[in-house]
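The values are calculated or read from the model by the stated rules, or taken from the named source; none is laboratory data. Because the structure is a prediction, the values reported are computed rather than measured. Neighbour counts run over all protein chains shown; Cβ positions are idealised from the backbone, glycine included. For the accessible areas, the whole protein counts, side chains as well, though only heavy atoms, and no ligand, DNA or RNA atoms are used. Shrake-Rupley method; radii C 1.70, N 1.55, O 1.52, S 1.80 Å.
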Amino acid sequence: MRFRTLWHASGLVGLLASFALAQAPSAVSASPSKIRNLKLDTGKEIFEAACIGCHGSNGKGALPSSTVFERPSTFPDFSDCNGSMRERENDYKATIYYGGHGRGFSEIMPSFSDALSLEQIDKLVQYLRAFCTEPGWPKGELNFPRALATEKAFPEDEAILTTAITTKYAPSISNDLAYERRLNKRTQLEIGIPFSAAKDSGNWYGGIGDIRVGLKRVLLQNLHTGTILAAQGEVALPTGNRNRGFGTGVTLFETFGALGQALPGNSFVQVQGGMEFPTSTRTLPRATFLRTAVGKSIQADKGLGRMWSPMVEFLADRDLVTGAKTNWDILPQFQVTLSKRQHIRADIGVRMPANNTAGRSPAVVFYVLWDWFDGGIREGWK
Ligand code: HEC
């Protein structure tokens, strides 16, 4: 029988009974309504009173033989740094306050909104964080919302499908599917597959672009100053049709640095600057680029609800040839979390050339992002 059934069917008596069942002999856990009356101060005291029956004293989960509920695949092991450090404290807070339901998790995880104050929950979150004892894991607080063009410094397990549509000059629909996979604490693999459709002399043509493979490495992260810095190297292969404008026709190496910096009031700035080195500069000149995203995250409901992040990007690129001008674009946009778990997000904006406008079209740009580490596409919505 699932714990949830017990919880709903038999109320508090059943609950206490199942807690008794759920515990190892030494574990003490009280029901949410009981712990309100206990004067619990430290994170450890609260955790031991309210959580170890299910999560175990080491945060790995109580012994399966001592619990009666079915463990969801997402059941946490708080001592696993890979799973726990990437979470934002607010997401843990929301799960504890509203129960699993608050973040689209299993309802077996009870709500503690009546039993614990937000200060007590803050202490608990710090206590949960301390189960990971290995230093150097970038924390979820440094995982700033992804902008449309500026890459993040935080290593991710994500898939992002970005689309840009232009109608002026040469109408086109360009898509880019980026797959990012974290290889370890500081390293991330990225594979990018662009595919586009463009109108040329009255007809539409489609095709893939230049496929790229890159490696990102976090060089520095400091939660105290709110800073994260990463470097990435990547290679783009000439898989796209150059004559149709889908590819550059040469193998291209790219290297960039990405910086994320927290600012007061949930604001942030992200900067990505780098260079492109084509293997043949006769076909394509070397180029540099600098992208900056400034934004702010707003979360309703004591900071525990859906997250909106308005941002504006300033994008500059320049070919490294004498006499070339720097192209500037401005890209206002907003990102919003779609799923309750916040693992599916969308961002939409308009990219506007700010100078050298001849032949450069404005574009509507949007993406759908799936943080696949946090659950399947269809999970976490209710
Ligand atoms: C009745 C058993 C039970 C109790 C008591 C319980 N939890 Fe949970 N908790 C769960 C289950 C089951 C999940 C996994 C839900 C899922 O993944 O769908 C969970 C998930 C969580 C998560 C989400 C982790 C993530 O991956 O985002 C946090 C945080 C959490 N619990 C903290 C606590 C804290 C703190 C307490 C004590 C105040 C507590 N839990 C008490 C069963 C419980």
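Please work out which residue is surrounded by the fewest Cβ atoms within 10 Å (Cβ to Cβ), limiting yourself to segment 322-375 and to residues that are aliphatic (A, V, I, L, M) and at pLDDT below 95. Step through it out loud before you land on a result.
So in segment 322-375, the residues aliphatic (A, V, I, L, M) come out as 324, 330-331, 336, 338, 344, 346, 348, 350, 352, 354, 358, 363-365, 368-369.
From the residues that got through so far, the ones that are at pLDDT below 95 too are 324, 358.
Details: Ala324: 12, Ala358: 6.
Step by step, filter segment 322-375, then rank; the result is Ala358.
Whether any residue in segment 251-274 is of a type in the set (Ser, Thr, Tyr), surrounded by fewer than 21 Cβ atoms within 10 Å (Cβ to Cβ) and assigned to a strand (DSSP E or B) is what I want to check.
Within segment 251-274, the first condition is being of a type in the set (Ser, Thr, Tyr), and the residues that meet it are 251, 255, 267.
Subset that is surrounded by fewer than 21 Cβ atoms within 10 Å (Cβ to Cβ): 251, 255, 267.
If we keep only those that are assigned to a strand (DSSP E or B) too, we end up with 255, 267.
Yes, the conditions are met somewhere in segment 251-274.
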(message) I'm trying to understand the selection: among the residues of segment 186-221, which are at pLDDT 95 or above and over 21 Å from Gly249 (Cβ atoms)?
(response) Arg186, Thr187, Gln188, Leu189, Glu190, Leu215, Lys216, Arg217, Val218, Leu219, Leu220, Gln221
(message) Can you find a residue that is more than 29 Å from the chain's Cα centre (by Cα) and either assigned to a loop (DSSP other than H, G, I, E, B) or buried (at least 16 other Cβ atoms within 10 Å of the Cβ) (or both) anywhere in segment 311-319?
(response) yes
(message) Looking only at segment 38-79, filter to residues that are within 19 Å of Gly99 (Cβ to Cβ) and among the polar types (S, T, N, Q); which one of those is nearest to the ligand (Cβ to nearest atom)?
(response) Thr74
(message) Please go through segment 129-152 and give me each residue that is closer than 18 Å to Gly43 by Cβ and in contact with a helix residue (DSSP H, G or I) (Cβ under 6 Å, 6 or more places away or on another chain), ordered by number.
(response) Cys132
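This table checks each residue for (1) under 17 Å from the mean Cα position of the chain (by Cα); (2) crowded, with 22+ Cβ neighbours inside 10 Å; (3) not hydrophobic (A, V, I, L, M, F, W, C).
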position	(1), (2), (3)
Glu89	yes, no, yes
His101	no, no, yes
Asp114	no, no, yes
Tyr127	no, no, yes
Leu161	yes, no, no
(request) Mind listing whichever residues of segment 219-238 are touching a helix residue (DSSP H, G or I) at 6+ places or on another chain (Cβ under 9 Å) and on the phi < 0 side of the Ramachandran plot? (result) Gln221, Asn222, Leu223, Thr227, Ile228
(request) Starting from residues that are in contact with a strand residue (DSSP E or B) (Cβ under 7 Å, 6 or more places away or on another chain) and among the β-branched types (Val, Ile, Thr), keep the ones in segment 299-345 and report whichever is nearest to Pro278 (Cα to Cα). (result) Thr326
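May I ask you to list the residues in segment 127-155 that are assigned to a helix (DSSP H, G or I) and more than 11 Å from the ligand (Cβ to nearest atom)? Give the steps one after another, and end with the answer.
The first filter runs over segment 127-155 and keeps only residues assigned to a helix (DSSP H, G or I), leaving 127-129, 140-142.
Selection gives Glu141, Leu142.
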(request) Please state which of the following conditions Ala170 fails to meet, knowing it meets all the rest: (1) assigned to a loop (DSSP other than H, G, I, E, B); (2) within 15 Å of the ligand (Cβ to nearest atom). (result) (2)
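Okay, residues lined up against (1) over 25 Å from Arg351 (Cα atoms); (2) in contact (Cβ under 8 Å) with a residue 60 or more places away in the chain:
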residue	(1), (2)
Thr187	yes, no
Pro194	no, no
Thr251	yes, no
Phe256	no, yes
Pro278	yes, no
Leu284	no, no
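How many of the residues in segment 84-124 are near the ligand (Cβ under 7 Å from one of its atoms) and without any contact (Cβ under 8 Å) to a residue 60 or more places away in the chain?
Going residue by residue through segment 84-124, those that are near the ligand (Cβ under 7 Å from one of its atoms) are 87, 91-92, 95-96, 100, 103, 105-106, 108-110, 112, 116, 124.
Narrowing further to those that are without any contact (Cβ under 8 Å) to a residue 60 or more places away in the chain: 87, 92, 95-96, 100, 109.
Selection size over segment 84-124: 6.
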(message) When you check Arg378 against the structure, is it basic (Lys, Arg) and open to solvent by less than 50 Å² (accessible area, probe 1.4 Å), yes or no?
(response) no
